[in-house]
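Reading through the structure tokens given below for one structure.
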Amino acid sequence: MKKIVLIATVSSIALASCGAVQSIVQNTFPYTSNFLVSTGVPANKEVSSTSTASNVQTWVGGNNNAQIKDVRISEAKISVVPPTSGDLSALKSVKVYISSNGTSEKLVASRSDISTNSSSLNLDLNDSGFLDNIVKSSGLSVRTVYELKNQTSSDMNIKVSLNFSSVPAR
């Protein structure tokens, strides 16, 4: 009877530790960028803003030999940046694309028919596969395309926050 209890206890500890190790080993790394919605932007017209993602290279090593794989988008959010006041109700839609040197753009998140009076909003993820080749390159850029319902009465600074997840390449 003691053997059965001992085996059950050891098995339980081993299984629990495997789960803990897997969650520790899984990497999540962020990227943020800002774009300005100015008062001169017309309603019902798509407008684009592009930024270079230099801080992603800090997380993944900036080369294709970085020791991660299976990179996916895990979270995407937009929010109004203080001291800008207001909410996201002026936005009609938002699309976020990533690309790198030598690769085509890939849609990673979007939201249509925005109807929130909140200052932040989670975007719908477009999890259509791995992003290893794009994220691990040295020329990563993020392009945000937005459309307004109506022209804004004051400038609004909006932050795009993306989280990517990966696993070790070992």
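Summary table
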item	result
Cα-based convex hull volume of the stretch 28-168 per residue, rounded to whole Å³	98 Å³
Sorted by Cβ density within 10 Å, fewest first, the residues Val167, Val37	Val167, Val37
Among 27-36, 122-131, 42-51, the order from most to least packed when residues are scored by Cβ within 10 Å on average	27-36, 122-131, 42-51
Cβ-based net charge around Lys92, under 12 Å, with every Lys or Arg adding one and every Asp or Glu removing one	+1
Burial ranking of peptide ranges 108-118, 86-96 (average Cβ count within 10 Å, highest at the top)	86-96, 108-118
Number of Lys pairs (Cα under 22 Å; 8 or more positions apart or on different chains) in the stretch 28-168	24
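Every number in this text was worked out from the coordinates using simple rules, so none of it is lab data. What you are looking at is a predicted structure, and each value in this text was computed from that prediction instead of being measured. As a convention, Cβ positions derive from the backbone with ideal geometry for all residues, glycine included, and neighbour counts pool all protein chains shown.
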